[in-house]
Amino acid sequence: MSGFSPDWLALREPADHAARNPELLSAVGAYFAGRHSLTIVDLGSGAGSNLRGSYSTLPNRQHWTLVDHDEKLLQVARERLAAWADETQEQGEELVLTKGEKIITVDTRQADLNKDLEWILGWQPDLITAAALLDLASKRWLERFAAALASQRLPLYTVLTYDGREKWQPEHATDARVLAAFHHHQHSDKGFGPAVGPNATEISAEAFRKAGFAVSIGESPWLLGEKQRELLLALAEGSAGAVLETGHLDKASVTEWLAARRDSESCMIGHLDLWARPV
């Protein structure tokens with residue numbers, strides 16, 4: 001699986017939290033209403049942003065296992081969670097965080113989501129979560145994922161899956177060509193086989209429905225403006241770099257597009273959240 005830098009994850013976290021679909025988040029909370037405690041496994045956890053974006057709607061006692069292939073990111077997650085919490089204690093390898101009324105125990109595990117998926121799900125949590133992950137996976141992996149969750153009747157809450165929609169303002173003549181090349185790059189192998197990219201939510205929803213799950217989907221777009229200027233610029237530069245890797249556009253065209261995007265007033269990047277539960 002391709003890695004992400006701690007700086008990039010920190011830069012995008014406020015936009016991620018603002019974009020999260022509130023109706024689906026509330027539905028997840030309602031599903032577990034009345035529970036005193038909950039165990040959660042977060043796949044591809046990065047620096048722990050998904051915990052910080054989800055914890056408030058879940059029961060007062062939570063045990064999170066953060067799973068990522070990058071041990072350095074897991075260490076960053078521990079540091080950022082400790083700084084975010086009102087109080088932090090270490091119990092062996094676990095962190096015990098107090099945040100408002102919530103008591104959150106955090107464990108971290110380095111693992112390969114391609115090789116170790118069934119082993120991870122065998123930990124028998126109450127809930128599986130993920131953020132910005134499904135679009136990196138292959139169709140075969142997503143179908144395997146749905147089957148594995150179905151075999152243990154584990155619900156899934158996943159957020160911020162890229163859906164292919166982008167709207168930059170002001171428009172540029174090269175936007176459509178750049179986006180088409182970027183989508184081509186999105187289908188390259190990210191460690192799970194050829195990635196489904198913008199088709200991830202549609203493919204995942206079909207796989208989970210066939211496996212006997214009820215599925216709800218909600219929009220969670222990034223809405224970036226002047227207050228998110230640093231993220232907007234980083235996004236444009238990252239997109240330009242990916243497009244150049246495809247060879248679909250010449251360097252001059254991409255450079256011209258990037259120059260225009262550095263002066264963009266706003267940008268909408270489409271994402272979808274998904275809540276799948278066994279019925």
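Of a type outside the set (D, E), surrounded by fewer than 18 Cβ atoms within 10 Å (Cβ to Cβ) and under 30 Å from S151 (Cα atoms), is that true of T65? No: the conditions fail for T65.
Every condition in (1) at pLDDT 95 or above; (2) farther than 17 Å from L133 by Cβ holds for D263 except the one numbered (1).
When the residues of the range 238-276 are narrowed to those that are among the hydroxyl-bearing types (S, T, Y) and not in a helix (DSSP H, G or I), which ends up surrounded by the most Cβ atoms within 10 Å (Cβ to Cβ)? Taking the candidates together, the pick is S264. Taken together, the residues in the range 139-160 that are of a type in the set (V, I, T) and under 25 Å from R229 (Cβ atoms) amount to 1.
Would you say V76 is crowded, with 17+ Cβ neighbours inside 10 Å, in a helix (DSSP H, G or I) and in contact with a helix residue (DSSP H, G or I) (Cβ under 9 Å, 6 or more places away or on another chain)? Outline the logic, then answer.
Numbers: crowded, with 17+ Cβ neighbours inside 10 Å: yes; in a helix (DSSP H, G or I): yes; in contact with a helix residue (DSSP H, G or I) (Cβ under 9 Å, 6 or more places away or on another chain): yes.
The answer is yes for V76.
Criterion applied to S26, S49 was being exposed (fewer than 14 other Cβ atoms within 10 Å of the Cβ), under 29 Å from M268 (Cα atoms) and of a type in the set (S, T, Y), and the one residue passing it is S26. For the range 79-105, the candidate set comprises residues that are without any contact (Cβ under 8 Å) to a residue 12 or more places away in the chain and assigned to a helix (DSSP H, G or I); within that set, the residue that is surrounded by the fewest Cβ atoms within 10 Å (Cβ to Cβ) is A83.
Scoring K115 on the criteria (1) touching a residue at least 24 places away in the same chain (Cβ under 8 Å); (2) part of a loop (DSSP other than H, G, I, E, B) leaves a single failure, condition (1).
Can you tell me how many residues within the range 161-177 are in contact with a strand residue (DSSP E or B) (Cβ under 9 Å, 6 or more places away or on another chain) and closer than 28 Å to L142 by Cβ? Matching residues across the range 161-177 total 7.
Looking across the range 115-173, the residues that are among the basic types (K, R) and within 20 Å of the chain's Cα centre (by Cα) come down to K115, K139, R140, R144, R165. Residue check, E219 against (1) in contact with a helix residue (DSSP H, G or I) (Cβ under 8 Å, 6 or more places away or on another chain); (2) surrounded by fewer than 19 Cβ atoms within 10 Å (Cβ to Cβ); (3) not small (G, A, S), all met but one. Which one? Status for E219: all satisfied but (1). Within the range 174-210, if we keep just the residues that are touching a Pro at 6+ places or on another chain (Cβ under 8 Å) and either assigned to a helix (DSSP H, G or I) or in contact (Cβ under 8 Å) with a residue 60 or more places away in the chain (or both), the residue that is surrounded by the most Cβ atoms within 10 Å (Cβ to Cβ) turns out to be Q186.
The values are calculated or read from the model by the stated rules, or taken from the named source; none is laboratory data. The model shown is predicted, which means the values in this text are computed figures rather than measured ones. All Cβ positions, glycine included, derive from the backbone under ideal geometry; neighbour counts span all protein chains shown.
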